[in-house]
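K.L.:
Here it is, the structure in full.
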Amino acid sequence: MRQSCRQVTLLAAASRYWSSSPVAPPSKQSRLLLFLSQRFHDIETLLSWSSWFKNRGQSEWFRSDRRGKFSWDFMNHQDTSIEEVDVGNTLINYTGLENLVKQRGLRTLSVSGCAEVDDWFLSRLYMFQDTLEELDISNCPRISVGGLAALQKLRYTDQHGRK
Amino acid sequence: VWRRRGECSAACNILQHDRFGGGSVMVWDLENQFKAFREKAADAMPGSDWTPFEKNSSLPPERADIVIVGGGVVGWSIAYWLKQKEMIRDGVRVLVVERDPTYSQASTVLSAGGIRQQFSLPENIHLSMASADFMRNINEHLSVLNDDPVDLQFNHSGYLFLASEKVAHIMEENYSTQRYAGAKVSLLSPTQLKEKCPWINTDGVVLASYGLENEGWFDPWMLLNAFRRKAISMGVYQCFGEVTGFSYTTNTMTTAEGDKVDFRRIKYANVQMPNSLEYQPVECAIVVNAAGALSGKVAEMMGIGLGPKDTISGIPLPVEPRKRFIYVVHCPNGPGLDTPFLVDYSGVYFRREGLGGNYIAGMSPEEEEEPETNNLEVDHQFFQNIWPHLAHRVPAFECLKVKSAWAGFYDYNTFDQNGIVGMHPLVNNMFFATGFSGHGLQHSPAIGRAMAELILDGGFKTLDLSAFSFKRIMTKEPILERNIV
């Protein structure tokens, strides 16, 4: 436990350092990762490491491995847009969606099991209305009918959800 | 004095039983003694609530710093924000006076409960956006320890405004104002509209404006109760009674031209108990008029509007009650879960209510056909004006059945249908927060914050609502809101 705590602080420190140095051009993925590791406050950076994302043209998921280390390989793929994001079981909320705003090519989003996802989060998903095809909102206890009414703004989506 | 002594000895006796279980030794608990002494000293100071006589406890306190006339959502929002912003604990004593404990005629609870950012005035747009932000994080603001979290039952369906040929240019201008202010609105052409809402008949529609975020409707009673519960937990006094008059002092000053002007200062607000002649004059420093549809009457009690015709004191507060009807209809094949709050260019509006195929619909009548406001009776004939427009716009509504209806008052600002927020120029301690003409509920959190800033900080800090001051009524410069429903 102590060792992983050290790793936590090391990676957190590393990512913060990374963000302060000028990255040119700032690619979408790197920004995503940096945000993921910095902005989810109670982080539990540990939880954010379990989030996966996948690039277009590549059917490989970028995720943290068993020991909690996140490989920086995705940095090799600058300027490609992210297609699938799985932030299941994290503490992502309405403010956290800021980070995904630029992902114009997003096709799949999974927020299954996220305790902080509520109706306001769903109402903000309209920004993916043209491209989102699959949305998984299973096991989100704070969603209600009012939020589902907001989902009508997503045109092509095929929604899976389960209380 | 007897009471206090009795309490002291009780404290001693209890301790004696606990520790020694009998015996005649008097144990003096020093802590309790000091506490009792402090309370006694505070009561002896002038300005405390102690009286030697027994009082009817439903009367308000004899002194309060700020008296808010009107216990609707605007009044309680102001009370909450005043307590939220006070710098020290018990810094201001706030009293909210509400005439009707059942809220049977209150505009707040009879409202359709919608919130939208689609206004033409930037101030209104910012007010709505700030209120939506507040409602999104409502539990951070209004949750009370050990009590249930607040659930506004917010439906995020958005508002859909339809424009005909004649008013399409206004809609486009409004759209750019709204986007500039930061509201998330989109414009739709008739084909896009038909694709989005297949149940609509786009005949006559040239342009549609749809709110993407922070728009929809919610339960006004939940919001009112959330504000009330939180404010009471922060120490706001609540009194059920009617403000029947004010005692004020007058200071006459002469202008440069030699005209005499009366500056009044409210000293006491007389609060009369319901169904009784008993009243309590509450000595107060500031009075906030948040009485909604009855604000005009409260202002008259101060003589606002009763002066000579072409002076400032002759200008009344231009807020009067206007009755509006809402009809609950049931249509089995109507538009489904995704129905937005639709507002047609003819003035008819409707929204989904619940999940059983029910909708609520209404329309603002023409100026000449305004109904009587001495009661809240519903005119069912009026629905015959609404139905043709509904059926034209949504063909499924050709076969519907009116299940029930109710009526409520708008606190209608006859001058320009926008809120009046700020101090009266001649009565220097009366503040207005009224005249919202149908959008008071959706702006209430932001209005409460603005009023608290005005009263406690001396000026608006987060949102500048100086455009809504009483000054525009004196100078006869209306700021018209073009998107009134």
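K.L.:
Computed on alpha carbon atoms, what radius of gyration and Dmax characterise the range A:75-137, expressed in Å?
P.N.:
Calculated on Cα positions, Rg and Dmax stand at 11.5, 36 Å.
K.L.:
Order the following by accessible area, largest value first: A:83, B:173, B:123. Probe radius 1.4 Å; ligands, DNA and RNA are ignored.
P.N.:
The residues order as B:173, B:123, A:83, largest area first.
K.L.:
Taking every eigenvalue of the Cα gyration tensor of the range B:92-169, multiplying by 5 and rooting it, what semi-axes result, largest first, whole Å?
P.N.:
Listed largest to smallest, the semi-axes of the range B:92-169 are 31, 18, 15 Å.
K.L.:
Suppose we compare each residue of the range B:147-193 in its chain alone and in the full protein complex with a 1.4 Å probe; which ones drop by at least 10 Å² of accessible area?
P.N.:
Residues losing area: B:154, B:155, B:156, B:157, B:184.
K.L.:
Could you state the angle between the C-alpha long axis of helix B:2-20 and the longest principal axis of the C-alpha atoms of chain B, as a value from 0 to 90 degrees rounded to the nearest 10?
P.N.:
With both axes taken from Cα atoms, the answer is about 80 degrees.
K.L.:
Another question about this same structure. To the nearest 10 degrees, how steeply does helix B:122-136 sit against the main Cα axis of chain B, on a 0 to 90 scale?
P.N.:
60
K.L.:
Provide B:142, A:91 ordered by accessible surface of protein heavy atoms (probe 1.4 Å), highest first.
P.N.:
Correct descending sequence by accessible area is A:91, B:142.
K.L.:
In addition: Could you compute how much accessible surface residue B:191 exposes when probed at 1.4 Å, giving the result in Å² to the nearest 10?
P.N.:
Here the residue's solvent-accessible area equals roughly 110 Å².
K.L.:
Here's a follow-up. Using only alpha carbon pairs under 8 Å that are at least six residues apart, calculate the relative contact order of the range B:141-279 and give it in whole percent.
P.N.:
24
K.L.:
Ranked highest first by average number of other Cβ atoms within 10 Å, how do A:142-150, B:198-206, B:444-452 line up? Could you put the intermediate results ahead of the total?
P.N.:
Numbers: A:142-150: 20.2, B:198-206: 15.3, B:444-452: 26.9.
Answer by packing, highest mean first, reads B:444-452, A:142-150, B:198-206.
K.L.:
Just the number, please: buried accessible area between A and B, total of both chains, 1.4 angstrom probe, nearest 100 square angstrom.
P.N.:
Summing both chains' loss of accessible area gives about 1500 Å².
K.L.:
Please name the residues of the range B:320-358 whose accessible area, counted over protein heavy atoms with a 1.4 angstrom probe, falls by no less than 30 Å² between the chain alone and the full protein assembly.
P.N.:
B:337, B:338
K.L.:
Just to confirm my numbers, what's the Cα centroid distance between the range B:149-183 and the range B:410-454 in Å?
P.N.:
Result: 22 Å between the Cα centres.
K.L.:
Helix-only estimate, please: 222 nm mean residue ellipticity of chain B, summing -39500 (n - 2.57) across DSSP H runs of length 4 or more and dividing by its residues, to the nearest 500.
P.N.:
-8500 deg cm²/dmol
K.L.:
How much net charge surrounds residue B:428 when only the other residues with a Cβ under 9 Å from the Cβ of residue B:428 are counted, with Lys and Arg +1 and Asp and Glu -1?
P.N.:
+2
K.L.:
Angle, helix B:30-44 long axis vs. longest principal axis of chain B, Cα atoms, 0 to 90°, nearest 10?
P.N.:
Tilt of helix B:30-44: around 70 degrees.
K.L.:
Hand me the trypsin sites (Lys or Arg not before Pro) from the range B:164-220 located in a DSSP loop with no more than 10 other Cβ atoms within 10 Å, in residue order please.
P.N.:
When the trypsin sites (Lys or Arg not before Pro) of the range B:164-220 are filtered for loop state and at most 10 Cβ neighbours within 10 Å, B:166 remain.
K.L.:
So what are the radius of gyration and Dmax for the Cα set of chain B, in Å?
P.N.:
26.3, 95
K.L.:
On alpha carbon coordinates alone, what is the Rg over Rh value for the range B:353-485, Rh being the Kirkwood radius?
P.N.:
Working: Rg = 19.0 Å, Rh = 17.8 Å.
Rg/Rh for the range B:353-485 comes to 1.07.
K.L.:
Could you tell me which trypsin sites (Lys or Arg not before Pro) in the range B:288-387 are loop residues by DSSP with no more than 10 other beta carbons within 10 angstrom of their beta carbon?
P.N.:
Those that pass, being in a loop and sparsely packed, are B:309.
K.L.:
Taking the Cα centroid of the range A:81-141 and of the range B:228-266, what is the distance between the two, rounded to the nearest whole Å?
P.N.:
So the separation of the two Cα centres works out to 51 Å.
K.L.:
So what is the relative contact order for chain B, in percent, with contacts set as C-alpha pairs under 8 Å and at least six apart?
P.N.:
Contact order relative to length: 19 percent.
K.L.:
How far is the Cα center of the range B:55-84 from the Cα center of the range B:110-130, in Å?
P.N.:
Answer, in whole Å: 26.
The values are calculated or read from the model by the stated rules, or taken from the named source; none is laboratory data. Because the structure is predicted, anything quoted here is derived from the model rather than measured. Glycine gets a Cβ as well: all are built from the backbone with ideal geometry, and neighbour counts include every protein chain shown. Note: accessible area is taken over every heavy atom of the protein model, side chains too, but ligands, DNA and RNA are not part of it. Shrake-Rupley method; radii C 1.70, N 1.55, O 1.52, S 1.80 Å.
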